[in-house]
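Enquirer: Got a structure here, written out as structure tokens. Questions coming.
The values are calculated or read from the model by the stated rules, or taken from the named source; none is laboratory data. Because the structure is a prediction, the values reported are computed rather than measured. A quick note on method: Cβ atoms are made from the backbone with ideal geometry, for glycine too, and the neighbour counts reach across all protein chains shown. Heads up: the accessible areas ignore ligands, DNA and RNA and are worked out on the full protein's heavy atoms, side chains in. Shrake-Rupley method; radii C 1.70, N 1.55, O 1.52, S 1.80 Å.
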Amino acid sequence: MNTVCYLLIFLFEQFVSYMYFKNKFERKRNALTIIICYLLSFAVQFSVSLTGMAELNILSFLICNIIVVFVCFSTSIKQNIFNVLLLEVIMIATYPVSLMLDIQLTEYMNDASVMLFETIATKSLYFLVVYIFSKISFKEKNKLKNDFSLSLFVLPLSSVFTL
């Protein structure tokens, strides 16, 4: 039961990650390449989760998402790292839901129903927060002609021209 739950957790996390980055950045690869990248990321993260080390899981999420976003989406390194860290912080911030529900952090290892309930609660909150962030943030454009700051040059240029 735990293995199936972990499979679903990591698949869901990959879906949320894709949804966020698709709304945030332009794709630079075709759909098949993106699916393959996310499936490879899923396989790596699931394999790392089998070690049972939470710190390694967090690190694998960070590294895998940085690589996938770099390969699949048009973004700068700073934007990539910032947005992946944002997802990481949101994911970590959803775990206190377990504490609010008075569930001990290690209790999910002993009881499958607790793991299922905790997973649904935390991942639903994670999805909701990431979805809201993806809708309120602007899609990043790497082209200078679409940059709003370019329009700020109009007033000084027109002043120079008038003088």
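Enquirer: Given the conditions (1) part of a helix (DSSP H, G or I); (2) polar (S, T, N, Q); (3) open to solvent by 50 Å² or more (accessible area, probe 1.4 Å); (4) at pLDDT 80 or above, report the number of the one that Ser113 does not fulfil.
Expert: So Ser113 meets the others, but not (4).
Enquirer: A follow-up question, please. Looking at segment 70-90, can you tell me whether even one residue there is of a type in the set (Gly, Ala, Ser), out of contact with any Cys (no Cβ under 6 Å at 6 or more places or on another chain) and within 21 Å of Asn2 (Cβ to Cβ)?
Expert: No; the residues of segment 70-90 include none that is of a type in the set (Gly, Ala, Ser), out of contact with any Cys (no Cβ under 6 Å at 6 or more places or on another chain) and within 21 Å of Asn2 (Cβ to Cβ).
Enquirer: Mind checking which pairs have a first residue in segment 60-89 that is outside any helix (DSSP H, G or I) and a second that is open to solvent by less than 10 Å² (accessible area, probe 1.4 Å), Cβ under 6 Å, 6 or more apart or different chains?
Expert: Filtered contacts from segment 60-89: Phe73/Phe21; Phe73/Phe25; Ser74/Phe25; Thr75/Phe25.
Enquirer: Hey, among Ser60, Ser17, which residue is open to solvent by less than 40 Å² (accessible area, probe 1.4 Å) and farther than 18 Å from Phe127 by Cβ?
Expert: Ser60
Enquirer: Can you name the residue in segment 116-138 that is surrounded by fewer than 16 Cβ atoms within 10 Å (Cβ to Cβ) and hydroxyl-bearing (Ser, Thr, Tyr) and is also modelled with the highest pLDDT among such residues?
Expert: Looking at residues that are surrounded by fewer than 16 Cβ atoms within 10 Å (Cβ to Cβ) and hydroxyl-bearing (Ser, Thr, Tyr), I get Tyr131.
Enquirer: Separate question: Residues of segment 28-43 being in a loop (DSSP other than H, G, I, E, B) and surrounded by 14 or more Cβ atoms within 10 Å (Cβ to Cβ), which ones? Can you show your working first?
Expert: Applying the first criterion (in a loop (DSSP other than H, G, I, E, B)) to segment 28-43 yields 28-30.
Within segment 28-43, Lys28, Arg29 meet the criteria.
Enquirer: Give me the residue from segment 73-105 that is open to solvent by 90 Å² or more (accessible area, probe 1.4 Å) and farther than 25 Å from Lys24 by Cβ and, out of that set, modelled with the highest pLDDT.
Expert: It comes out as Met100.
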